[in-house]
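Structure record follows, encoded as structure tokens.
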Amino acid sequence: MKVGVIGAGQMGSGIAEVFALAGNEVKIYDVDRGQLDRALKNIKWSLSKLAEKGRVKDVEEIMSRLHVSEGLSSFQTEELVVEAVFEDFNVKAKTLEEVSRRLSPESLIATNTSSIPITELSRAVWSPERFLGMHFFNPPVLMELVEVIKGDSTRDVYFNKALEVVRNIGKTALPVRKDVPGFVVNRILFRVFNKACSILDRYTVEQVDWVAYYDLGFPMGIFMLLDYTGLDLNLSISKEVAKRGLKLNCPEVEKLVANGKRGAKSGSGFYDWKERPRIERVQGGPSPKELIEDAFREGLWLIKEGVATEEEIDKGTMLGLGLRSGIMTMGRRLGLS
Ligand code: CAA
């Protein structure tokens, strides 16, 4: 399959890698040529890591399937284009308008937005019946889940095709048939982030992260994960969801971003990332129940609204966030109901 990826940041480069790894020819584009060079370097590093573990045989062969594009106008014959540009409605809408204008009306167009409803973005897309959300988790090459989101205009034939594409790249699809801001897994994660931020007057970053890691089975601490996904991205997500009624508030993230600390990619955030930080055992900290009770309630809201079932929320949080057990199961075990 010929695939296009627009945006070569952490997510775009990871998505391009996943498609190339699964045997597809991939064209990748970014307005910033330097970003494209960094993306190719990161993909090569990641593939070499997978080769060390026997998951990849020939790094160069996979790299040869990745092609750098010189401009949006070069996307014409792709069967699938995934947009992964900056998390801002206007930037995404402009990109989608431009690329959908040239592609054949049968090509599938997907956005990797973390927060913006598909139906809103679809208004910028030519032939919006072939447009949907394909939401990957960072790092795409290691995280098994992809949420596939249907907008009001998405036709079933294209939705089913997207589910098949996700299976063909070896990932597990979580079909999301009701288009709410943040979809399923991120809505849960936003509540965890928000709760963690709101208790920083009582606990330290290290205390919160230790409880998340040790008691709740998160693969990394909550603040470490904020750093890892990018504080600037998280700030943009908060702004987009706030416009749509979901208020998230983390003044610490705003302060760090204002000081140029964008998390792992900039070398510092809540943690210093010159070397990969480790979670340290510390005393004290919030109760595990306090940390996830809002997330659990968000899960109940998703169920009530018919966005996802309890099983899907559990599966999504395990495969998208690497939790040892799903958030709903975890909440019930801690006495939430
Ligand atoms: N490609 C290949 N290998 C990679 C890699 C990549 N992109 N990233 C890390 N690795 C390798 C490491 O180099 C390391 O290799 P060695 O064993 O040779 O040292 C190995 O994987 C294990 O990594 P680490 O020791 O660094 O740490 P880990 O065991 O904690 O695994 C992790 C890393 C998979 C990222 C894990 O911590 C994890 O699952 N974290 C949670 C990630 C998560 O929640 N993602 C979703 C965020 S939300 C989102 O993305 C949605 C959104 O819209 C914002």
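Filtered by the rule that a residue be within 16 Å of the ligand (Cβ to nearest atom) and surrounded by 23 or more Cβ atoms within 10 Å (Cβ to Cβ), the range 88-120 gives Lys92, Ala110, Thr111, Asn112, Thr113, Ser114, Ser115, Ile116, Ile118.
Residues that are of a type outside the set (Phe, Trp, Tyr) and free of Cβ contacts under 8 Å to residues at least 24 places away in the same chain occur in the range 190-202; there is at least one. Picking from residues in the range 1-25 that are closer than 22 Å to Lys94 by Cα and of a type in the set (A, V, I, L, M, F, W, C), the one that is nearest to the chain's Cα centre (by Cα) is Met11. Within the range 240-256, being closer than 14 Å to Phe193 by Cβ and in a helix (DSSP H, G or I) holds for Val241, Ala242, Pro251, Glu252, Val253, Glu254, Leu256.
Residue-by-condition table, conditions (1) free of Cβ contacts under 8 Å to residues at least 24 places away in the same chain; (2) among the charged types (D, E, K, R); (3) within 11 Å of the ligand (Cβ to nearest atom); (4) touching a Gly at 6+ places or on another chain (Cβ under 7 Å):
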{"position": "Asn234", "(1), (2), (3), (4)": "no, no, yes, no"}
{"position": "Ile237", "(1), (2), (3), (4)": "no, no, yes, no"}
{"position": "Ala242", "(1), (2), (3), (4)": "yes, no, no, no"}
{"position": "Gly245", "(1), (2), (3), (4)": "no, no, no, no"}
{"position": "Leu248", "(1), (2), (3), (4)": "no, no, no, no"}
{"position": "Glu252", "(1), (2), (3), (4)": "no, yes, no, no"}
{"position": "Leu256", "(1), (2), (3), (4)": "no, no, no, yes"}
{"position": "Gly260", "(1), (2), (3), (4)": "yes, no, no, no"}
{"position": "Lys265", "(1), (2), (3), (4)": "no, yes, no, yes"}
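Restricting attention to the range 138-158, which residues are part of a loop (DSSP other than H, G, I, E, B), free of Cβ contacts under 8 Å to residues at least 40 places away in the same chain and either assigned by TED's automatic domain parsing to the domain that holds Thr309 or of a type in the set (D, E, K, R) (or both)? Those that are part of a loop (DSSP other than H, G, I, E, B), free of Cβ contacts under 8 Å to residues at least 40 places away in the same chain and either assigned by TED's automatic domain parsing to the domain that holds Thr309 or of a type in the set (D, E, K, R) (or both): Lys150, Asp152, Arg155.
The values are calculated or read from the model by the stated rules, or taken from the named source; none is laboratory data. In this text, all values refer to a predicted model and were calculated from it rather than measured experimentally. FYI the Cβ positions are ideal-geometry reconstructions off the backbone, even for glycines, and counts take in every protein chain you see.
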